[in-house]
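Quick notes on the structure that follows.
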Amino acid sequence: MTGEVAAKPSRQLHSKSLLAPSVGALLLWMVVPLAMTLWFSAEHYNLLSPGKTAFAGWENYRDLLTHRALWVAMGNTLFLVGLVLAITLILGTFFSLLLNQDFPGRNICRLLVIAPFFVMPTVSALIWKTMLMNPVFGLFAWITRSLGFGTIEFFSSMPMLSIVVIVGWEWTPFAVLILLPALHSLNPEQMEAARLDGAGPIALFRHIELPHLLRPMAVVAMIEMIFFLSLFAEIYVATGGGPGLASTNLAYLIFRDALLGFDVGRASAGGVVAIILANIVSFFLMRVMGRNLEDLR
Amino acid sequence: MATVELRNVRKQFGNHEVIHGIDLLIQDHEFIAFVGPSGCGKSTLLRMIAGLEQVTGGEVLIDGSPAQDVPPAKRGLAMVFQSYALYPHMTVAENMSFSLRLSGASKAEREQKVRAVARILEMEPLLERKPSQLSGGQLQRVAIGRAMVRQPKAFLMDEPLSNLDAALQGQMRLELARLHRELNTTMIYVTHDQLEAMTMADRIVVLNEGNVEQLGSPLELYQHPATFFVAGFIGAPKMNFLDAEVKSVSEQSLTLALAGGASVVVPRPLQELKGGEKIRLGVRAEYLALEPEGDLRGEIEALEHLGPRAYIHARLADGARLVAQTDGDTQARPGDRVAFRVRSEATHLFNASGKALTRPGPQTPLS
Amino acid sequence: MRRIRQTRWGLAVAVWAIALGMFFPILWMFLCSFKTEIAAVAVPPKLFFRPTLENYYAVLQRADYLAFARNSVLVSLGSTLLALALAIPAAYSMAFFPTRRTRDILLWMLSTKMLPAVGVLVPIYLLWRDLGLLDTVFGLILIDSISVLPIVVWMLFSFFREVPAVILEASRMDGATQTEELLHVLLPLCTPGIAATALLSIILCWNEAFWSLNLTTVKAATLTTFTASFSSPEGLFWAKLSAASTLSIAPILIFGWMSQRQMVRGLSFGAVK
């Protein structure tokens, strides 16, 4: 009763029609392209010879699953998602703890730390690729040479890790953005009571701050997962998926097949695989988020 | 004219019926209180009268015409909410004149009406402030003022004082009573506090689990409760209840056996009762006299000293608990052995289903 | 006392170092934009140099840069407006007329975001081609608004829920129709939240790269496409590239800084007060 506004039958009908456009648009977005992807994945369809489509059945999938490319891409995807998630959460928590302290210029520091999140991913990749990691003109190269370590070819020798660094740099600020206010909202009296009980800084973190942060961390993890599974721009700009397939993730692989190889059938099959993967991941995440939404009833 | 009538009004939420066929006629100009424990349906009933809640069955008539399909604003009623529900982004004056703005009244008319109400409620200096700058009591005034500006046929108040501290509550109770006298408008007041209802209302409706237990004036409810529930709900301290068994019925009186061997003779010839029947005896604290030879024996557990009087909380031999009123300068102490006598003509008798069995005779309290 | 002061200063230094470290790449690019091309590629990298505005002039003079910028603005604003138009009624309905299915609908909306864009790249590309929407601003607006819709609904829902339903009931008692309720009470009360949501949407659309890269080529390309085209630069253009990039990210950086507190409130859905 409380929290709800009484709805006359006319109002209830009205409220359903308020929801309809959004739900309808999203439904359309899900159903039509999804159905088409499934359809195409079972076809031999190349954009270069559009007239000659033929039913392929499982062939595209067989092709896909027996070639190295898909498995490398999946491995890279999971590697990327897992590592960046871990980095952003750990560093994000650490930075938030630091920024939660009182010291001069704390607000400016906060702005500086969250800035990278607002930078276009293409520009981020460019900065890192050309200005920092470039083996000839880049800053890092100059530093390592001056220190006697020679030149590190970041994108050739550790392409995936380089991407991880770029994405980690972009998204750690996002974790701070969410976690810092959460930390700030922690009741100081709780901390004082624990301190009186004899808790040192590590115990305080483990028993009070960390549990309080678990919920916002789940939010961070969920949002980041959504974006990391289909990471594209950074790879496109920084490495083009290379060398070879070393930094190709699932998204880039499908893009390559579709718009560079013009193989619609194969790309669609890859798309289906990507969708299945995303569904598995999201299933677990929805359970966590659903629990978060519980206390809103 | 501002009568409100409910005819066989029912309310269901999903499959769960919360109001079971209520009939009620609220007279013009009267101050009527809906009182009852949480969940009894009093707020739901008020909201159905207001139009904020749909009626599942039955009719709501305002001034004789059916109103259950009329939108809230067109019913000519105004509501004061428990949490005040003021518009945080508007000033006090804007809050009060919002309804006039919506109905297209001119600026001059709005200002004049708001000022008039502000004068009555003594809140003129608050007019340009925002709700966030006001105290609880002031917020309450604004909420009432907003209702008054609409010059409604009836005021609906949903526990308006429950968010105020005790001292303020007492003060506001008097203010509301004064307002009612001055405006002479029907007021329908919902509260869970029987004291509020008793002090302010002309008539009280006691509700329990979606049913009307009793409708009557405060004194009627206090002296002649129709059901066990009403007897226990109205009046503080709560009425004492003792389980009793009918020993014998004569032409003049009824003899009851109480637990622990005591017996009481009630001067009421209730012929319909049989020997061995189980009934409940109710007696208020002020009708229990301390008497060394009394039938009800026990030990004092606690004492409440209220100045002019004191309440003795005692535990009887069989475990039953009683509250008895006595002089303020009593020398009794916790742990003392004590005995009571029941003023038998001031007892209330209830059968197994909770209905009161005839009225007790005229009563005068002991002290 | 002195120990605490020392740790305080030690802490300040450490955090400042981290903050500057995080901001450094942006700062470096910003500095490079004021160098001459030769100074920009100098090895060892120059920390001190003669600043010049020639790069900014050069970039702003390029007609195609302005076209890209204009497209970014149109797409961001257009998608945000369209998303808000769909989302405000939906969030209103879910916040104030919740049913047993409301939670499920919200979660479902969120789950549509989990659909990897790449999974429907092919059909969307073909659909857009057949509908004549390839390389059009409108086509990009359509896709961006769908992409951002679940988040916009989510944030608006959480802001709307903060308004106590009694206030809307009071306005109904005062005689407000549903539209008047929305206009006079709900929207004014939620203006900061709606602004934060709109800003987040603008930021997400402005930075959106996947669809810009795949669905546009020349006419409707945005700044993301423009900057991406420099993925294999020749060293001679770095200073100008820095200027173009700085111009591309500056407005969003400022928007982000301005609205970050409110954005977080909506995003965290009450997990953060």
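Every number here is computed from the coordinates shown, using simple stated rules; none is lab data. Values in this document were obtained by computation on a predicted structure and should not be read as measured data. Counting neighbours? That spans all protein chains shown, and the Cβs are built from the backbone with ideal geometry, glycine included.
Counting only the Cα atoms, region A:76-294 fills a convex hull of 152 Å³ per residue. Proximity of backbone amide H atoms, modeled 1.01 Å from N, is registered between B:ARG343 and B:ALA289 at under 5 Å, excluding neighbours fewer than 5 places apart on the same chain. Determine, at each q value in 0.04, 0.05, 0.10 (inverse angstroms), the log₁₀ of I(q)/I(0) that the Debye formula gives when each Cα of the protein assembly as shown is one equal point scatterer. Those come out to -0.31, -0.46, -1.15, one per q. Comparing A:LEU147, A:LEU85, A:LEU204, which has the greatest mean-square fluctuation in the GNM of chain A with Cα pairs linked when under 10 Å apart? Looking only at A:LEU147, A:LEU85, A:LEU204, the biggest GNM fluctuation is shown by A:LEU147. Karplus-derived 3J(HN,Hα) values for region A:172-179, using 6.51 cos²θ - 1.76 cosθ + 1.60 with θ = phi - 60°, are 4, x, 5, 4, 5, 3, 8, 6 Hz; glycine and proline are entered as x. Cβ-to-Cβ counts within 10 Å put C:ILE18, A:ILE226 in ascending order as C:ILE18, A:ILE226, the fewest first. The loop-placed GluC sites (Glu not before Pro) in region B:178-251, going by DSSP, that have at most 15 neighbouring Cβ atoms within 10 Å of their Cβ come out as B:GLU209, B:GLU251. Among the trypsin sites (Lys or Arg not before Pro) found in region B:250-315, those both in a DSSP coil and sparsely packed, with 15 or fewer other Cβ atoms within 10 Å of their Cβ, are B:LYS274. Contact order for chain A, expressed relative to its length and based on alpha carbon pairs under 8 Å spaced 6+ residues apart, stands at 28 percent.
Considering only A:ALA35, A:VAL81, A:ILE143, the residue lying farthest towards the positive end of the dipole of chain A is A:ALA35, judged by Cα position with unit charges set on Cβ. Fewest-first ordering of A:ARG215, B:ARG129 by other beta carbons within 10 Å of each residue's beta carbon gives B:ARG129, A:ARG215. Mean partner shielding of peptide A:269-275, defined as the number of other chain Cβ atoms within 10 Å of each residue Cβ, is 4. The ranking of C:VAL41, C:VAL152, B:VAL4 by Cβ neighbour count inside 10 Å, starting from the fewest, reads C:VAL41, B:VAL4, C:VAL152. Net charge dipole, the protein assembly as shown: roughly 1900 debye, given to the nearest 20, about the Cα centre with Cβ charges of +1 for Lys and Arg and -1 for Asp and Glu. Database remark: amide H of B:CYS40 closer than 5 angstrom to the amide H of B:GLU209 (H placed geometrically; neighbours at sequence offset of 5 or more, or on other chains; Pro and chain starts carry no H).
Only helices enter this figure: runs of n ≥ 4 DSSP H residues, each worth -39500 (n - 2.57), summed and divided by the residues of the protein assembly as shown, yield -16500 deg cm²/dmol at 222 nm to the nearest 500.
The HN-Hα couplings worked out from phi for region C:249-255 by the Karplus form 6.51 cos²θ - 1.76 cosθ + 1.60 (θ = phi - 60°) are 9, 4, x, 5, 4, 5, 4 Hz, whole numbers, x standing for Gly and Pro.
Assuming charge only on the beta carbon of Lys and Arg (+1) and of Asp and Glu (-1), the dipole of region A:188-286 about its Cα centre is about 240 debye to the nearest 20. Taking amide H positions as modeled 1.01 Å from N, with prolines and chain starts lacking one, the residues under 5 Å from B:GLY21 and 5 or more places away or on another chain are B:ARG10, B:LYS11.
Identify the chymotrypsin sites (Phe, Trp or Tyr not before Pro) of region A:27-92 meeting these criteria: DSSP loop state and at most 15 other C-beta atoms within 10 Å of the C-beta.
Counting only loop positions with at most 15 other Cβ atoms within 10 Å, the chymotrypsin sites (Phe, Trp or Tyr not before Pro) in region A:27-92 are A:TRP58.
For region B:59-72, 3J(HN,Hα) computed residue by residue from phi via the Karplus equation (6.51, -1.76, 1.60; θ = phi - 60°) reads 10, 10, 10, 10, 6, x, 9, x, 10, 5, 9, 8, x, x Hz, glycine and proline entered as x.
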